[in-house]
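The values are calculated or read from the model by the stated rules, or taken from the named source; none is laboratory data. A quick note: this is a predicted structure, and the numbers were derived from the prediction, not measured. Positions of Cβ are backbone-derived with ideal geometry, glycine not excepted, and every protein chain shown enters the neighbour counts. Just the protein is used for accessible areas: all its heavy atoms, side chains included, with ligands, DNA and RNA removed. Shrake-Rupley method; radii C 1.70, N 1.55, O 1.52, S 1.80 Å.
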Amino acid sequence: MKRIIAAVLAAVMLCMLCACGASEKDFSKAGMTITLTNKFVEKDLVSQTAYYESTDAIVTALREGFDLFQQAGIDTNITNKQYAELCITANGLSSTAVDGNDKYAHFSYEKQVNGQDFSYEAYCFRTDDAFWLIQFACHTKNLSKMSSVFEKYANSVKFE
């Protein structure tokens with residue numbers, strides 16, 4: 001009987017520990033809000049509008065105002081998919097498959113950084129005055145478990 005009680009208590013404690021894991025947390029910057037977990041911290045990265053980091057992944061968000069496109073002679077009436085294709089071409093990425101929905105366009109690519117393989121899931125959004133490139137990255141070996149998490153994060157994005 002004592003073993004059963006000890007096993008039940010151990011199971012309850014394990015469940016409590018799991019429940020104390022990551023909880024959802026909203027991060028906002030420059031009119032964009034994304035729901036990640038409390039395991040992420042916001043950091044500054046000069047080349048990005050917003051940057052969030054955890055032990056498992058990074059998230060970058062780049063806002064590109066329509067004025068930049070107009071200065072470069074690029075029509076701002078392009079779709080999310082066309083913007084994604086521009087991002088792929090401008091950054092010399094090997095990804096050519098762009099998919100998505102009414103909210104965003106999506107593409108994936110891999111990159112080696114400091115001798116380590118990383119996988120990126122990129123989501124392109126259009127607002128009233130800008131395009132946003134929001135990217136999620138993790139070690140390639142972890143992508144199979146992170147891919148659906150990244151999609152959940154992307155679906156949480158809101159703009160003011």
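Tallying residues that are assigned to a strand (DSSP E or B), more than 16 Å from the chain's Cα centre (by Cα) and small (Gly, Ala, Ser) within the stretch 59-89 yields 1. Taken together, Asp99, Asp44, Asp129 contain a single residue that is without any contact (Cβ under 8 Å) to a residue 24 or more places away in the chain, closer than 20 Å to Ala30 by Cα and of a type outside the set (Val, Ile, Thr), which is Asp44. Restricting attention to the stretch 119-130, the residues that are over 16 Å from Asn101 (Cβ atoms) and in contact with a helix residue (DSSP H, G or I) (Cβ under 7 Å, 6 or more places away or on another chain) total 3.
Counting only strands (runs of 3 or more DSSP E) that sit wholly inside the stretch 90-148, those with at least 1 residues that are over 19 Å from Ala61 (Cα atoms) and open to solvent by 30 Å² or more (accessible area, probe 1.4 Å) are 105-113, 116-126. Comparison of Ser119, Ser94 shows that the only residue that is farther than 12 Å from Phe131 by Cβ, at pLDDT below 95 and in contact with a Phe, Trp or Tyr (Cβ under 9 Å, 6 or more places away or on another chain) is Ser94. Scanning the stretch 18-43 for residues that are modelled with pLDDT under 95 and either open to solvent by 60 Å² or more (accessible area, probe 1.4 Å) or among the aromatic types (Phe, Trp, Tyr) (or both) yields Cys18, Ala19, Cys20. Answer yes or no: is there a residue in the stretch 50-66 that is of a type in the set (Ser, Thr, Tyr), free of Cβ contacts under 8 Å to residues at least 60 places away in the same chain, out of contact with any helix residue (DSSP H, G or I) (no Cβ under 9 Å at 6 or more places or on another chain) and open to solvent by 70 Å² or more (accessible area, probe 1.4 Å). Taking every residue of the stretch 50-66 in turn, at least one turns out to be of a type in the set (Ser, Thr, Tyr), free of Cβ contacts under 8 Å to residues at least 60 places away in the same chain, out of contact with any helix residue (DSSP H, G or I) (no Cβ under 9 Å at 6 or more places or on another chain) and open to solvent by 70 Å² or more (accessible area, probe 1.4 Å).
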